[in-house]
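Here the structure comes first, spelled out in structure tokens, and everything after it is commentary.
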Amino acid sequence: MKNVREGTVGYYAAVSMIKQKIEDQLAGLLQCTWSNEDLQNLATVLARPCELLKLAHGQHDQWFQKNGRSNPFSVYGLLDKPKKHKALEEMRDILLTAAEAEVYEPAVQHLRDVIARVIKQRKAARQERQALAHV
């Protein structure tokens, strides 16, 4: 996917494609039973372009150690299980594609929106189950 200018048909097509990929990937994450906290941490970490790029180049551990900082992917527990690591890499690839096409901001905003919607739905379902249990 090449760079596209905002306001063009190509731009909207790129945004639409990236949004669909994000939704597909998040559906997979939900099947891996990611907690609400994991999902929020994912959105937080992937919204940082400099850290996303470090991860993309396989330099994240070395870069963070060299600069005396903790790797946020490890701090947030996003690398503690192989399924999480693979899902993180796949989401990273989607956002890198978005960055190359210059549609990174709408992609990250969509990621945050979908995660917020999922968390809200989970909380509503939990409240409903609790209400039914008390009846």
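Only one of these is modelled with pLDDT of 80 or more, basic (Lys, Arg) and on the phi < 0 side of the Ramachandran plot: 112, 92, 69, 48. Name it.
None of the other options fit; the residue is 112.
Out of everything in the range 118-129 that is at pLDDT below 85 and under 17 Å from the mean Cα position of the chain (by Cα), what residue ends up being farthest from residue 23 (Cα to Cα)?
119
Test of understanding: among 126, 92, which residue is out of contact with any Asp or Glu (no Cβ under 9 Å at 6 or more places or on another chain), closer than 15 Å to residue 25 by Cα and of a type in the set (Lys, Arg)?
92
Taking the range 19-38, which residues are under 12 Å from the mean Cα position of the chain (by Cα) and modelled with pLDDT of 85 or more?
19, 21
Assess whether residue 4 counts as being more than 26 Å from residue 122 (Cα to Cα) and modelled with pLDDT of 75 or more.
No: the conditions fail for residue 4.
Taking residue 115 as meeting all but one of (1) surrounded by 16 or more Cβ atoms within 10 Å (Cβ to Cβ); (2) closer than 26 Å to residue 8 by Cβ, write down the number of the exception.
Answer for residue 115: the failing condition is (2).
The values are calculated or read from the model by the stated rules, or taken from the named source; none is laboratory data. These figures come from a predicted structure and were not determined experimentally. In this analysis, Cβ positions are derived from the backbone assuming ideal geometry, glycine residues included, and neighbour counts consider all displayed protein chains.
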